[in-house]
Amino acid sequence: MSALIRHFVVHQLAINEQQQLTLVPRNSCFSVTPEIEDLAQQINHAFNTKPGKGVGGFIEQGAEPAKDEEGEDIPVSPFQAHLTAMLEDPETFVDFSIQSSQMLKKTMTDMASIETGFVVFSHYEFLATEYLMIAILNTKQHVEINRELELSSSDHLDLAKMQLAVRIDLTQLSTTPEQNRYISFIKGRMGRKVSDFFMQFLGCEELVDIKQQNKQLLNSVDEYLASEQMDASEKNATRKTVSEYYKEKLDAGEDIQLKELADKLPKEPEGDDFYQFVANSETPIEETFQADRSALKTLAKFSGQGGGISLSFERNLYGERVHYDAGSDTLMIKGIPPNLKDQLLKAQK
């Protein structure tokens, strides 16, 4: 499904000769060509597939926000103020993007967290929802060969390594801002959180850990299956249903809907359905949240490592070829993979 691109502009953050972070702005939006539409959709898709995202909203100034002379709420975040002004006058989008990039540069400098690259501002509509995406992208070099067998190199935006990005659900911001679920962001790399400067720049606070929500959902599925009178094949079929639902949502770039998933799962005639089961649990789950692709692996396999051992096997093998004795803390595997078996036989000689 295609997205409707309203505005798309790119600025550059670079280090100048004085070794200072500087902003190189573009003074106009790109024309919405098929190439720009394709790039905007690729960025949106890359964001959707990134694991470990957080969700939140703009920081409120206490229970009672400050008022201006006309009695209107004063946004705590300067970015929020610029965003509000731009939404009232979309023709100012380029000015808004430049002002925001300058604020981002200042925040980086103040916090000694320097990042260079291209700052992308993409304002678009996807699945009847209006979004603003802000991402810092770097480039990677590609070598090409033409028909005359001549080699040339060119730089391409490296979407696969996108680590600094935030997406604001403008529709949710305008309709249900009190839920504080309209900002989602990539949490960072190698233990470093994007909130170090991106969150400061936005004036945003994290309220929902997407990775934890996905983990809690899968734990709840396991607990639900344990509470129902199902045999192994029924449990495997149910996990397959959850896996297919996840794949469907990830491919479509849509959120997990707890009630929608519950309607797909089986239940005992006299028992609670999955939605009621979760509602009655001690650790409730958000009604909607973004799907984490890493959850698919958890649904399909048991895996773990520690003490020099790394082990992984398909869930449907548990109870058949793989058995666990909790009393002796022993795992028995029938039918060793041939390459592993060959190594073990050689080690015995």
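The values are calculated or read from the model by the stated rules, or taken from the named source; none is laboratory data. Note that the structure is a prediction, hence the values are computed from the model and not measured. Here the Cβ positions follow ideal geometry from the backbone for every residue, glycine too, while neighbour counts run over all protein chains shown. Surface accessibility is based on the protein's heavy atoms, side chains included, excluding ligands, DNA and RNA. Shrake-Rupley method; radii C 1.70, N 1.55, O 1.52, S 1.80 Å.
A few comments on the model shown:
- Lone unmet requirement of (1) in contact with a helix residue (DSSP H, G or I) (Cβ under 7 Å, 6 or more places away or on another chain); (2) over 30 Å from Asn180 (Cα atoms) for Ile285: (2)
- Test set (1) surrounded by 20 or more Cβ atoms within 10 Å (Cβ to Cβ); (2) under 21 Å from Ser31 (Cα atoms) - Leu104 fails condition number: (2)
- Residue count, segment 138-175 (criterion: surrounded by 14 or more Cβ atoms within 10 Å (Cβ to Cβ), free of Cβ contacts under 8 Å to residues at least 40 places away in the same chain and assigned to a strand (DSSP E or B)): 1
- Among residues that are closer than 25 Å to Gln42 by Cβ, touching a helix residue (DSSP H, G or I) at 6+ places or on another chain (Cβ under 7 Å) and at pLDDT 85 or above, Tyr275 is not included.
- Residue pairs whose Cβ atoms lie under 9 Å apart, separated by 6 or more positions or on different chains, with the first residue in segment 295-311 and among the basic types (Lys, Arg) and the second in a strand (DSSP E or B) and open to solvent by less than 50 Å² (accessible area, probe 1.4 Å), are Lys301/Phe313.
- Subset tally (residues that are over 22 Å from Ile15 (Cα atoms), open to solvent by less than 70 Å² (accessible area, probe 1.4 Å) and not hydroxyl-bearing (Ser, Thr, Tyr)) for segment 115-137: 7
- Yes/no for Gln200 being in a helix (DSSP H, G or I) and either crowded, with 20+ Cβ neighbours inside 10 Å or over 15 Å from the mean Cα position of the chain (by Cα) (or both): yes
- Residue among Thr241, Thr176 that is farther than 20 Å from Asn48 by Cα and modelled with pLDDT of 90 or more: Thr241
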